[in-house]
Each structure stands twice: as structure tokens, then as C-alpha cells.
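Student: Can you read through this structure? Questions will come right after.
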Amino acid sequence: MHSSPISASQIACLETVSLVGLREGSPAAVQALLRAARKQGIFYLDLSSISADGDTVTRLYQLAQDLFRLPLEQKMQYDVDRLGEWKINGYKPVGRNVGGLSGERDGFESYGIPCHAVLNPTGQGSFAKPDILEQELELVRRFMRGCTEMVEIILRTLSASLPLPGGITFEAFHREGDAYFNLLRLLRYEPSSDGDLRFRVPQPAHTDLGSVTVLFTNAGGLQILDPGARADEWLYVAPRPECAIVNLGDAISIWTDGQMRSIQHRVASLPGQPMAERYSLAFLARPGPVAPMCPLLASESFSTKGSQGALRCEDWMKEKFRRLRGDTRKDLCGSCAVVKSG
């Protein structure tokens, strides 16, 4: 089978940020995070120095494989569009959303697991789910706790670097009681048919609607479009051992009035190769329902008006979901530039 190697010019150059360094307040780690946030909004998070259960991610990949092998009719009993309007719990089948190429539907299936239900000490496990997930809740819980800590450290570091109004911090919008929209999403991308070498974009270009996404994947295919690049200058993000890939979402970009970026990204097949079956694990941290989606940096406008009249996170999410499904009705967010199809 013919394949075209990826040239160095097609590979994204990302900052590498040490989680231990951020936790300890290392100036080098802090500056690396701030450079990444301002330049691209995506970086490698180096986890090599932390003490952790090394096979947690491996076991979650296996859980994803086992879950997606269930019969479609069984998975559809947990249809994400029927289990709640916030789409934080349940299964999305292949082809429900718009695709990455004109006239096509998406080429992936996913399963969302709500953090609030798994981590809430008074109601752990109280959500609809298949038995295969019920049996691995402790594994999922351990992974969610680790990712929650990573996100808190990142948000705290970003907040400390900015002239935010008194009493305002990014992490305050993500306290345990407000983190209703956080979820772990398991994803599986459909492989191409035998002999089909057509270029595939199973996931459309988009920015993430939340604050921080922590992605684990051991397969190539993630692409980013650097700020200022031409529409066809997509770069591949190479998986790196002992690293997560972290990207900032729309909330961070909006709160900082664009000073920190939410990068466009998508999944695509590799040059000259069929689309391979691909699994990934995405922890999506989002602000609480009433968090304001408006610039928060210290200014006379915010100091006097606060978040009065600002679009709330829950309404922002509804708009993003509507666009993801291909609904062309009126845009609630007006001309807000950071809203992409995703």
C-alpha cells in the first residue's frame, strides 16, 4: 500500500509544559504555558515526572474498544440527544453531525461520561449507562480526578498571570459544585474501506466550547490551523509518549478578549493512507452554567457592569450544539468570531 511520509513542515511545533513544574510554580514551566496560551492555545503537557497509575489510560482505551463493540441497538439505548439537553452523558453514532468535507457527515462515534455524576460523593454512579461502564466506574473516577487536578493547575496559573477584577479567577468558574458540564468523552473514528485512499476529515474543524481539553491519543491524525495560517495550511500534531495534548477552549479566549487562543483543530487521515481506526480520550472542562461568556480582564466596563447582560455558559453551549448538528437558524451569539462549527 502506498503511503506518503509526513514532512517536517507538516508537523506542528508545540510548547512542552511540565505538569510538575506548574504545580511547583517553576518560572520556566509558567512561561512555557503562557507562551503556548498566547501563541497557539495548544501544548504538550509532560506527565513523565508524576506518580500515577501507568496503565489507567491503557485500560481506558480497552474500555472504549469494548464499549464501541457493543451492538448499535444497545448503544442507542443511551442516545446522548435523548439523555439530556447538555449532551454530557451517552452515545453519539457515526454520521449524526456535519462532517469535515462539504456534503459529508462525520465519521466518528463517541460516548460521554458526566463528571458530576461520577465524582459526586452523594450520588456516584447515578446516571444511565451500560453494564460495561458500570463495571469500570472506579477506573473512570481515577482518570477524572487526575484530569480535574491538571485543569485546576492550568487555570490557576493562567489566572495569576492576568489583570482580572478582584475576586474573579478562572478556576472559580470550575469549582466542584459548578462543574456540571465537565465530561470524559471516549471517541472512535471509523476506518476507511479496504483500498480507499481518499483524504478523509471525519471530524470538522472547530474550536472547543469549554475552557480546557485534555486529550490522550496514541494515533496520528489530529490537525491544527495556526493563527494567521491559510485555510489549507493544516499541521499534524504528533502523539508524544508520557504527554497529554492540552488545548484551550472558547471560554479562555473570550475571557481574555483573544489574548489567549482557542485553536481550530480537526481529525484527518494521514497523507496517502486510508483513514485508520483511531481511539482517543478527551477530558472536557467547561465553566459552570451561569459563568459569563464575555471579556473579564480588568476594565472600566467590566468593573462597573460586571457580567450583567452577558451570554451565560449554558446558552453558549446550546448555540454550539445547534451549529454542530447543522442547524442554520438564527445564531444566538451574533457575530462572535470564536464560534466555529463544532
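Student: Which residues, taken from the range 75-101, are on the phi < 0 side of the Ramachandran plot, part of a strand (DSSP E or B) and not aliphatic (A, V, I, L, M)?
Tutor: Correct list: Asp79, Tyr91, Lys92.
Student: Of the residues Gly95, Gly107, which is touching a strand residue (DSSP E or B) at 6+ places or on another chain (Cβ under 7 Å) and buried (at least 16 other Cβ atoms within 10 Å of the Cβ)?
Tutor: Gly107
Student: Do we have Leu155 as at pLDDT 90 or above, out of contact with any Lys or Arg (no Cβ under 8 Å at 6 or more places or on another chain) and not in a helix (DSSP H, G or I) here?
Tutor: Here the answer is no, as Leu155 does not meet what is asked.
Student: Going by the structure shown, is Tyr91 without any contact (Cβ under 8 Å) to a residue 40 or more places away in the chain and touching a Lys or Arg at 6+ places or on another chain (Cβ under 7 Å)?
Tutor: yes
Student: Additional query: Residues to consider are Ile245, Ile224, Ile252; find the one that is under 28 Å from Glu152 (Cα atoms), part of a helix (DSSP H, G or I), modelled with pLDDT of 95 or more and under 17 Å from the mean Cα position of the chain (by Cα).
Tutor: Ile252
Student: Can you find, within the range 226-271, the residue that is nearest to Met293 (Cα to Cα) among those that are β-branched (Val, Ile, Thr) and out of contact with any strand residue (DSSP E or B) (no Cβ under 7 Å at 6 or more places or on another chain)?
Tutor: Per the stated criteria, the residue is Ile254.
Student: For the range 14-62, what are the residues that are of a type outside the set (D, E, K, R), surrounded by fewer than 13 Cβ atoms within 10 Å (Cβ to Cβ) and without any contact (Cβ under 8 Å) to a residue 24 or more places away in the chain?
Tutor: Hits for the range 14-62 are Gly25, Pro27, Ala28, Ser51, Gly54, Thr58.
Residue by residue, here is whether (1) of a type in the set (Phe, Trp, Tyr); (2) surrounded by fewer than 19 Cβ atoms within 10 Å (Cβ to Cβ); (3) more than 22 Å from Lys318 (Cα to Cα) holds:
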site: Pro163; (1), (2), (3): no, yes, yes
site: Gly166; (1), (2), (3): no, yes, yes
site: Phe173; (1), (2), (3): yes, no, no
site: Leu184; (1), (2), (3): no, no, no
site: Val201; (1), (2), (3): no, no, yes
site: Asp208; (1), (2), (3): no, no, no
site: Asn218; (1), (2), (3): no, yes, yes
site: Gly228; (1), (2), (3): no, yes, yes
site: Pro239; (1), (2), (3): no, yes, yes
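The values are calculated or read from the model by the stated rules, or taken from the named source; none is laboratory data. Note that this is a predicted model, so its numbers are computed, not measured. With ideal geometry, Cβ positions are generated from the backbone for all residues, glycine too; neighbour counts draw on all protein chains shown.
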